[in-house]
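Participant: What follows is a single structure, and I will ask about it in a moment.
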Amino acid sequence: SNEPGQQTIYRNKGTRQQVRIFLYDTDRPGQCLSRLAGTVHLDDHHFLTPDQTFDTEGMVGVVVPLLPKSAAAAIPTLVWEVEGVAHSAAGKPRSAVDGREQTHGTRCPEGEAAYQFVTRVITLCEQLKDLHRLGIYHGTVNPLNTWWYEDNWIIDQVWVGALIGLADPVSVFPEGDVSVGFLAPEILAWQSPPQLSSDIYGIGALLYGILTGTTPMDPSAARTLMRGGQPPPFRAGSAIRDAAPNVSRRLQDIIVKALQPDPARRHRTVDELANELAQCQWPRDMVLTLIERAHDYQKRGLIVEAYDALDEALRYEPGSPEVHHARAEIYFLEGEIVWALKENTKALEILPTASALFLQGQCLIAQKRYVEAQDCVRAGLDVEDCSRGHHLLAQCLEGSGLPLAAVSEYEEAVKHAELKKDDRLAEQIRSDLSALRSKIKDWHPDKP
């Protein structure tokens with residue numbers, strides 16, 4: 001039947017899989033004419049797989065598989081608590097799921113499990129692209145209407161394209177339906193049919209919900225926006241840091257970009273979003289995140305927490321030269337030169353980077369071992385010619401009693417700092433250079 005909203009179930013001996021077919025008017029992209037439930041074939045010779053499309057009598061159809069009832073019990077159901085009442089994926093109050101009592105929130109994937117989920121989301125991006133090629137956009141992708149089943153995503157519940165101009169948004173999302181907290185601001189405001197940016201927001205909302213157990217936008221604030229109120233402050237950017245501490249900073253930043261309130265600031269295409277997600281690596285990203293977190297702790301004076309973060313990083317990636325180097329940097333900043341040398345030596349044995357060679361030179365300068373320090377710094381300059389290396393080499397030469405040679409290195413360091421527009425470092429080097437020139441003038445008062 002082509003009557004809007006009417007569904008007819010077709011059965012066929014050749015297959016037991018049921019699908020829902022969405023018919024769209026090709027002259028009005030985004031306007032759903034009807035939803036049909038049927039089988040995966042159109043005739044005896046052409047079988048249609050889920051998410052394929054077909055043309056018929058001026059309309060285009062999209063096949064979406066129905067979730068088999070027998071499989072529903074095996075799929076984890078997200079349960080959300082709003083004002084003390086638990087809600088299932090259908091948005092209705094529910095006290096138990098799969099025979100077990102549920103409490104606040106849901107168990108979120110962490111660590112490697114989170115990255116396995118990201119891999120699945122890349123598959124979802126590919127499925128959505130098949131719709132986008134036809135000018136059709138879903139608009140309400142979120143954790144409460146999306147399932148992973150048999151290597152495919154099943155997206156159910158509301159398709160906003162069928163509702164624009166046909167229903168009031170408040171009636172579509174009744175009171176108590178927390179899924180509104182996952183919808184893009186432009187969808188909540190009911191400004192226009194779903195666009196590409198709405199689905200990009202939906203992918204971000206799906207990731208945010210699964211990894212944090214919360215909605216990107218408070219449901220009550222979302223409902224206020226739906227009724228014509230002002231949009232709430234953007235909170236997902238800061239909230240995800242606390243809500244998903246075991247997710248890497250790279251993945252957090254990707255999600256935050258997809259959830260930007262301004263569609264123009266989100267990813268431009270689904271391909272761009274999928275490519276960024278594909279670059280996420282486990283456990284590498286988490287190790288780099290923990291190193292960054294350790295430096296943040298050190299700056300705030302939380303030294304024990306900084307070492308704990310690096311210990312956790314070593315559990316993810318034993319023998320990581322970056323972790324040993326980061327630990328050495330914190331030891332050095334805390335004045336533990338001997339321990340800094342031990343940790344940095346481990347890093348150099350694994351991977352002699354310029355940063356590690358320069359830090360080794362700094363430690364040796366602190367111990368007034370200028371000749372050894374000079375060798376380390378020169379080796380670092382062979383890897384990376386930078387202001388830090390020339391600054392350290394100048395300190396080595398000054399400590400070795402070669403002030404005129406040190407002046408040349410200080411001047412070279414200033415040039416590099418100015419090229420990188422690092423005004424703070426340039427000023428520090430100029431200060432050291434000025435102090436050295438004052439000493440030279442005291443030693444040789446007859447020279448300018």
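Participant: Identify, from the list A340, A347, the residue that is outside the structural domain of S434 (by TED's automatic domain parsing), crowded, with 23+ Cβ neighbours inside 10 Å, touching a Phe, Trp or Tyr at 6+ places or on another chain (Cβ under 6 Å) and farther than 19 Å from L425 by Cβ.
Facilitator: On the way: A347 fails: touching a Phe, Trp or Tyr at 6+ places or on another chain (Cβ under 6 Å).
When all the criteria are applied, what remains is A340.
Participant: Using the structure shown, decide if A239 is modelled with pLDDT under 90, surrounded by fewer than 23 Cβ atoms within 10 Å (Cβ to Cβ) and under 30 Å from L310 (Cα atoms). Reasoning before the result, please.
Facilitator: Working: modelled with pLDDT under 90: yes; surrounded by fewer than 23 Cβ atoms within 10 Å (Cβ to Cβ): yes; under 30 Å from L310 (Cα atoms): yes.
When the stated conditions are applied, A239 passes them.
Participant: Let me ask you something else. Count, please, the residues in segment 350-389 that happen to be in contact with a Ser or Thr (Cβ under 9 Å, 6 or more places away or on another chain), assigned to a helix (DSSP H, G or I) and surrounded by fewer than 17 Cβ atoms within 10 Å (Cβ to Cβ).
Facilitator: The qualifying residues number 3.
Participant: Let me ask you something else. Identify all residues within segment 189-218 that are more than 21 Å from D253 (Cβ to Cβ) and surrounded by fewer than 24 Cβ atoms within 10 Å (Cβ to Cβ); write none if there are none. Before the answer, list the steps.
Facilitator: Looking only at segment 189-218, we keep the residues that are more than 21 Å from D253 (Cβ to Cβ), and these are 189-195, 218.
Residues satisfying the conditions are A189, W190, Q191, S192, P193, Q195, D218.
Participant: Checking E322 against (1) surrounded by 20 or more Cβ atoms within 10 Å (Cβ to Cβ); (2) touching a residue at least 60 places away in the same chain (Cβ under 8 Å): exactly one of these is not met. Which one?
Facilitator: Here E322 meets the rest and fails (2).
The values are calculated or read from the model by the stated rules, or taken from the named source; none is laboratory data. Values in this document were obtained by computation on a predicted structure and should not be read as measured data. Neighbour counts are summed over all protein chains in view; Cβ atoms, including those assigned to glycine, are modelled from backbone coordinates with ideal geometry.
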